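Below is one structure, written out as structure tokens; comments come after it.
The values are calculated or read from the model by the stated rules, or taken from the named source; none is laboratory data. On a predicted model such as this, the values are computed, not experimentally measured, just so you know. FYI the Cβ positions are ideal-geometry reconstructions off the backbone, even for glycines, and counts take in every protein chain you see.
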């Protein structure tokens, strides 16, 4: 498989390492507008043998992910996107993907362990609804992370709201004043790769679900596996599709 890296920061470097370990080839590394122009003028796509699978893996920034996905669609290149905080454009991307028969695999978190926690979190939200448990969510990331709360925390929070009628919405804890609003505490300190913890507390006890990433390797491995999964497919896909295939 030939891979185009969209975003060549720390995650891009980790994806490159895992992709090479799994026998794939890095076709291009695109980190800014000049890189895009160089890629277009390189003639790589014109000489590309369509029999060779090609996928773009997107870990850039919330400000550039939307345009990066559209550019890949323009070139009929499937995309694996791990960038978050661009989902306000999701409906437009979904419509374009379905209309033009493109392929997009998107996830707020590509870690297999974190996706197991997503499943457990949904069950916790359902079961605790009728037993007077108060739910809360805390996430901790490195000081360089741009979005707050994280896309992973937003996914956890939305799943709680969807599965527990005691909550109508979520807000950052400093803005949360109502009982039916799930509080999220978002901490930015040090160089943490990501800690997410959901707590269900009653007058008798506390139940806690906690996931901590030790490095970027788990995210990068999941993204490369997603790219392998996407070859030959059209449409929208998530980690549920991968884990249940």
Practice problem: Say whether the condition of being touching a residue at least 40 places away in the same chain (Cβ under 8 Å) and either out of contact with any helix residue (DSSP H, G or I) (no Cβ under 8 Å at 6 or more places or on another chain) or closer than 20 Å to residue 229 by Cβ (or both) is met by at least one residue in the stretch 29-47. | Solution: no
Quiz item: So, in the stretch 207-232, of the ones that are farther than 13 Å from residue 114 by Cβ and touching a strand residue (DSSP E or B) at 6+ places or on another chain (Cβ under 6 Å), which residue ends up surrounded by the fewest Cβ atoms within 10 Å (Cβ to Cβ)?
Solution: 208
Quiz item: at pLDDT 95 or above, surrounded by 15 or more Cβ atoms within 10 Å (Cβ to Cβ), assigned by TED's automatic domain parsing to the domain that holds residue 147 and out of contact with any helix residue (DSSP H, G or I) (no Cβ under 6 Å at 6 or more places or on another chain) - does that describe any residue in the stretch 93-101?
Solution: no
Exercise. Kindly indicate whether residue 112 is free of Cβ contacts under 8 Å to residues at least 60 places away in the same chain and surrounded by fewer than 17 Cβ atoms within 10 Å (Cβ to Cβ).
Key: no
Quiz item: Of these, 169, 173, which one is more than 16 Å from residue 113 (Cα to Cα) and surrounded by fewer than 16 Cβ atoms within 10 Å (Cβ to Cβ)?
Solution: 169
Quiz prompt | Selection within the stretch 18-33 - farther than 17 Å from residue 66 by Cα and either surrounded by 15 or more Cβ atoms within 10 Å (Cβ to Cβ) or in contact with a strand residue (DSSP E or B) (Cβ under 6 Å, 6 or more places away or on another chain) (or both) | solution = 18, 19, 24, 25, 26, 27, 28, 29
